[in-house]
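Asker: One structure, as structure tokens, below. Some questions next.
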Amino acid sequence: MEPIRHYADQEVSEQVKVEPQKKTKVRKRRSWIAGLLLLVPILLFIFGFFVVPMLYILYLSFISTDKLNGTDAVYSLQNYITLFTDSYYLSSMWLTVKISLYSVLVSLILGYPIALTMAKSSPKVRGYITLLIASPLLVSIVVRNFGWYLLLLPNGTINQVLMNLGLINKPLNLLFSELGVVIGLSNAYLPFMVLAIVTSLYNIDPSLEKAGAILGASPLRSFFSITLPLSLPGIVSGCVLVFSLSMSAYVTPSLMGGANVPMMPVVVYDQINNLLKWTFGSALSYVLLIITLLSVFVFTRAFEKSKFREVFR
């Protein structure tokens, strides 16, 4: 009878082991279902207020008549053909990309030293700098643009100071120009660049620079060999943020550039609200979206495939 008693004990022990495993699986299943239920409201919100409108805009972009629905609507690629064969819209696309790139460059040049200063400062000074960087975000962009509007006028503060110093003989054309739009966009999105870069700088181990100094590297060599490569993820994130926001900006180009700087968001607004060409405006908006997404994809993939790809893992 001993072998029978042994097998019985073994079966009981196996049942005891299986029961906790079943309970663990049940708990995991319940937690997964609870998490999914928590996501349902936000998923419904995104679907109703983002996915559905974007699909409707895509639907409108293929209608080439004023009849938006019903049997009278004519579906074709005419809106896209007009867009890519008209030099005005092609130049508007290039102007939008160019100004966005300029804004990224200015924001990077101004933002990296600020981010580096924050990373090297004490916590108290770092808090003050963060407050100064983030404080413009508390003010409406319309108010900030009107402030720059007054500064950049032909008889504004900047031109008056330059003329009083004898640096110029006549006022510079700062307002309603590409330069004015770049200044406005760079000022508006500089905080995003700084905060993105400083996040990467915080993650750099200070002992790496100390090791470089021990090995005889100068501060400049340490910066280009250690700090700059390791901060590339923050630089890429900041550039993507500023570029995407600049490509879709409407308020700043319309106030600082006017009709002299017809960026794509301004053209889309005019087509839909002023000319009531909903279908053509929808096609313009989707082309703008595709150009932005492709530019961001190519930019990020180029860095991820470069010699610095290890930094992005």
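Asker: Roughly how much of Phe84 is accessible, in Å² to the nearest 10, using a 1.4 Å probe?
Answerer: The accessible area comes out at roughly 110 Å².
Asker: In addition: When a/c reaches 1.5 or more, the comparison of a/b and b/c decides; with that in mind, is the chain rounded, prolate or oblate per its Cα gyration tensor?
Answerer: The shape class here is oblate.
Asker: When the Cα centres of the stretch 190-225 and the stretch 56-133 are compared, how far apart do they sit, in Å?
Answerer: 31
Asker: Using a 1.4 angstrom probe, figure out how much accessible area the chain has per residue, in square angstrom, rounded to the nearest whole.
Answerer: Roughly 63 Å² per residue, with all protein chains present.
Asker: If DNA, RNA and ligands are ignored and the probe is 1.4 Å, what is the ranking of Val97, Val125 by accessible area, most exposed first?
Answerer: Descending order: Val125, Val97.
Asker: Mind giving me the FRET efficiency for Asn274 and Tyr88? R0 is 22 Å, r the Cβ-Cβ distance, nearest 0.05 is fine.
Answerer: According to the calculation, E is roughly 0.90.
Asker: Go ahead and set up a Gaussian network model of the chain, Cα springs under 10 Å, then flag whichever of Lys277, Lys170, Lys98 fluctuates most.
Answerer: Taking springs between Cα atoms under 10 Å, the residue moving most is Lys170.
Asker: Still on this structure: For the residue pair Ala259 and Ser135, what label-to-label distance in nm results when each label sits 7 Å from Cα along the Cα-to-beta-carbon direction?
Answerer: 3.9
Asker: According to the square roots a ≥ b ≥ c of the eigenvalues of the Cα gyration tensor, what is the shape class of the stretch 235-281, taking rounded for a/c under 1.5, prolate for a/b larger than b/c otherwise, and oblate for the remainder?
Answerer: Because a/c hits 1.5 or more and a/b fails to exceed b/c, the stretch 235-281 counts as oblate.
Asker: Report the relative contact order of the stretch 77-307, percent, no decimals, based on alpha-carbon pairs under 8 angstrom and at least 6 residues apart.
Answerer: 28
Asker: About the Cα centre of the stretch 77-307, what is the dipole size in debye to 20, counting +1 per Lys and Arg Cβ and -1 per Asp and Glu Cβ, all else neutral?
Answerer: 480
Asker: My understanding is that a pair violates if its Cα-Cα distance is over 32 Å; which of Lys277/Lys305; Lys120/Lys305; Lys210/Lys305; Lys98/Lys210 do that in this structure?
Answerer: Table pairs above 32 Å Cα-Cα are Lys277/Lys305; Lys98/Lys210.
Asker: First check a/c for the stretch 46-192, with a ≥ b ≥ c the square roots of the eigenvalues of its C-alpha gyration tensor; if it is under 1.5, answer rounded, and if not, answer prolate when a/b is larger than b/c or oblate otherwise.
Answerer: oblate
The values are calculated or read from the model by the stated rules, or taken from the named source; none is laboratory data. Fair warning: this is a prediction, and the values are worked out from it, not measured in the lab. Glycine also receives a Cβ, built like all others from the backbone with ideal geometry; neighbour counts cover every protein chain displayed. The area values use the complete protein model at the heavy-atom level, side chains included, leaving out ligands, DNA and RNA. Shrake-Rupley method; radii C 1.70, N 1.55, O 1.52, S 1.80 Å.
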